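Asks: The following block contains the structure, expressed as structure tokens.
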Amino acid sequence: MDILENRPFDEIAIGDSVSVTKTLTRDDIALFAVVSGDINPIHLDDASAEASPMRRVVGHSLWSGGLISGLLGTRLPGPGTVYLAQDLRFHHAVAPGDTLTATITAREKRPEHSVVVFDCLCTNQDGERVLSGTAEVVAPTAKVSAPRGELPVVSLRRHEAYERLIERCRGLEPLSTAVAHPCDESSLSAAVDAARTGLIAPTLVGPATRIRDVAQKLGLDISEIPLVEAAHSHDAAEKAVALVRTGQADALMKGSLHTDELMAAVVKRETGLRTRRRISHCFLMDVPNYARPLIITDAAINIYPSLEDKVDIVQNAIDLAQALGVERPHVAILSAVETINPKIPSTLEAAALCKMAERGQISGAVLDGPLAFDNAISEEAARIKRIESPVAGRADILVVPDLEAGNMLAKNLTFLASADAAGIVLGARVPIILTSRADSAHTRLASCAVAALCARSRRESAPVAAE
């Protein structure tokens, strides 16, 4: 067992010294921001940091001051130490990847109150001074030893899958996108942020005065973004769809109107964007502790899809996975159980879909079902239930029985498992970006990135024939 042992006041000699070396990471900076509440962009944003003459100043406080405190509390004097005062100066910027060495050296002892003054020094990997100064403590007077406690495991929720997704769009032409009725903060800022990131080239469709008022309130510059006047949300949906039909936009994005309003314009037989393929929705989930992005379908469009509908729903999801770089995705057809039960229709449909895939009626993926949720995503659960399947525990796509099940599954993962859910509608002439007011800014960008990759894949393959 690892033991912490202190150095009482009487055992400390002038000149006694200890050191520690650590390398700063981005997670360290993020954890400091969480604990301290210091979310100054200079600490957390690369562009802001590089623009500052003292970039990553948080690194000084976290690693320099923090390392000094750690040495005093665990090494010299160690357990029982009371920190009285410090006088520290920060000399050099610190960034992620820097390796810092902190050293404390006893310089003065005051027997009356067992006070020890330490010289403090922190240098980086190049030998440059990062910090210097003094720290004053009350040293313990009695010998203390205790087991070293284990630090709690802290997990930072990052958008690594979404970041990789957005990175894959670097170098692509921004996707020309008609944004229908972006008349609130979340929808307008989503369009502007995606434009700044280079994911889309938006055209805003809606009441111009209202859109400009929202932009002014938020401090957003939309002067260079085309704006098409529309009287109200229904009109905005119709005009946004018309921009796609006339070739002026290659994607559609939902603004602050209801999904039903937008989709009503999309599915109109004469003026909409329908194809021979059934339109369906996919959530691209970024789930902590799951090794791959996870597609859930359909959770927003088809309420009680028939077997025929599910053929297109599955194929749309397969096409999406391939557009995202999954060459041959694993598709789990979900039900409450993993055995076929005539009393549970979803198990019969799962079996039929798998047989259709064997016969080539669904292509480009490996299907299995029925599978319960646990053995679809957990190899251990599948092993315990003795399920031998190339899909069980390794699903890329989860096909749910109906919209209610899909919507609840996606929201459970979002709100109970800290997952993120980027939304996209497929099966129309162009990808349709669905965002929610509850989405984070990063999730909205991910939805735009998904659309951009889908549009590229569509251009590189034969287009779906329109009605």
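Asks: Over the alpha carbons of region 157-274, what is the largest minus smallest coordinate on each principal axis, giving the biggest first in Å?
Replies: 40, 34, 28
Asks: Per 0.36 nm of contour for each residue apart, how much would the distance between residue 234 and residue 129 grow if the chain were fully extended, relative to their Cα-Cα spacing?
Replies: Contour length minus the Cα-Cα distance gives 31.5 nm.
Asks: Once R0 is set to 25 Å, what does the formula 1/(1 + (r/R0)^6) return for the Cβ-Cβ distance between residue 267 and residue 457, expressed as a FRET efficiency to the nearest 0.05?
Replies: On the way: r = 23 Å, r/R0 = 0.90.
So the FRET efficiency works out to roughly 0.65.
Asks: Any idea what angle helix 307-323 forms with the longest principal axis of the chain, computed on alpha-carbon atoms, 0 to 90 degrees, nearest 10?
Replies: 50
Asks: So, one more: Using the reciprocal of the averaged 1/r over all distinct C-alpha pairs, how large is the Kirkwood radius of region 180-225 in Å?
Replies: Working: mean 1/r = 0.0964 Å⁻¹.
The answer is 10.4 Å.
Asks: Rounded to whole Hz and in sequence order, give me ³J(HN,Hα) for region 377-386 from the Karplus expression 6.51 cos²θ - 1.76 cosθ + 1.60, θ = phi - 60°, writing x for Gly and Pro.
Replies: So the Karplus estimates, Gly and Pro as x, are 10, 10, 5, 5, 4, 5, 5, 4, 8, 6 Hz.
Asks: Using a basic spin-label model with each label point 7 Å from the Cα along Cα→Cβ, how many nm lie between residue 27 and residue 246?
Replies: 5.3
Asks: With axes computed from alpha carbons, what is the tilt in degrees of helix 208-218 against the longest principal axis of the chain, rounded to the nearest 10 within 0 to 90?
Replies: Here the helix axis deviates by roughly 10 degrees.
Asks: Tell me which lysines have Cα within less than 29 Å of residue 254's Cα, excluding those fewer than 8 residues away on the same chain?
Replies: 217, 239, 268, 310, 411
Asks: Something else now. Full extension from residue 2 to residue 374: what is 0.36 nm times the residue separation minus their Cα-Cα distance, to one decimal in nm?
Replies: Working: separation 372, 0.36 × 372 = 133.92 nm, distance 3.89 nm.
Taking 0.36 nm per residue and subtracting the Cα distance, the gain is 130.0 nm.
Asks: Same structure again: Going toward the positive end of the dipole of the chain, with +1 on Lys and Arg Cβ and -1 on Asp and Glu Cβ, which of 165, 134, 85 do you reach last?
Replies: It is 165, whose Cα lies furthest towards the positive end.
Asks: Next up: Lys and Arg at +1, Asp and Glu at -1: add these up for the other residues within a Cβ distance under 13 Å of residue 431 and post the number.
Replies: Working: positive: 254, 277, 429, 456, 458, 459; negative: 250, 319.
The answer is +4.
Asks: What list of ³J(HN,Hα) values in whole Hz, one per residue of region 8-18 in order, does the Karplus curve 6.51 cos²θ - 1.76 cosθ + 1.60 (θ = phi - 60°) give from phi, with Gly and Pro shown as x?
Replies: x, 3, 5, 8, 8, 10, 4, x, 4, 8, 9
Asks: Tell me, in nm to one decimal, what length is gained between residue 303 and residue 112 on full extension, where the rule is 0.36 nm per residue of separation less the Cα-Cα distance? Provide the component values of the computation, followed by the final result.
Replies: Numbers: separation 191, 0.36 × 191 = 68.76 nm, distance 7.87 nm.
Answer, rounded to one decimal: 60.9 nm.
Asks: Also: Just tell me which lysines come within less than 24 Å, Cα to Cα, of residue 143; anything on the same chain fewer than 8 places away is out.
Replies: Excluding near neighbours in sequence, the set is 109.
Asks: Within the chain, what percent of beta bridges assigned by DSSP are antiparallel, to the nearest 5?
Replies: Details: 50 of 75 bridges.
Once the DSSP bridges in the chain are tallied, antiparallel ones form about 65 percent.
Asks: For the pair residue 259 and residue 218, what calculated FRET efficiency results from E = 1/(1 + (r/R0)^6), where r is the Cβ-Cβ distance and R0 = 30 Å, to the nearest 0.05?
Replies: Numbers: r = 23 Å, r/R0 = 0.77.
So, using R0 = 30 Å, E works out to roughly 0.85.
Asks: Sticking with this structure for a sec: Which FRET efficiency value, to the nearest 0.05, do you get for residue 442 and residue 352 by plugging their Cβ-Cβ distance into 1/(1 + (r/R0)^6) with R0 = 30 Å?
Replies: Working: r = 38 Å, r/R0 = 1.28.
The pair residue 442/residue 352 has a calculated efficiency of 0.20.
Since every read-out is calculated from the coordinates, none of them should be taken as a lab result. Not measured: the values here are computed from a predicted model. Quick reminder, even Gly has a Cβ in these numbers, built from the backbone with ideal geometry, and neighbours come from all protein chains shown.
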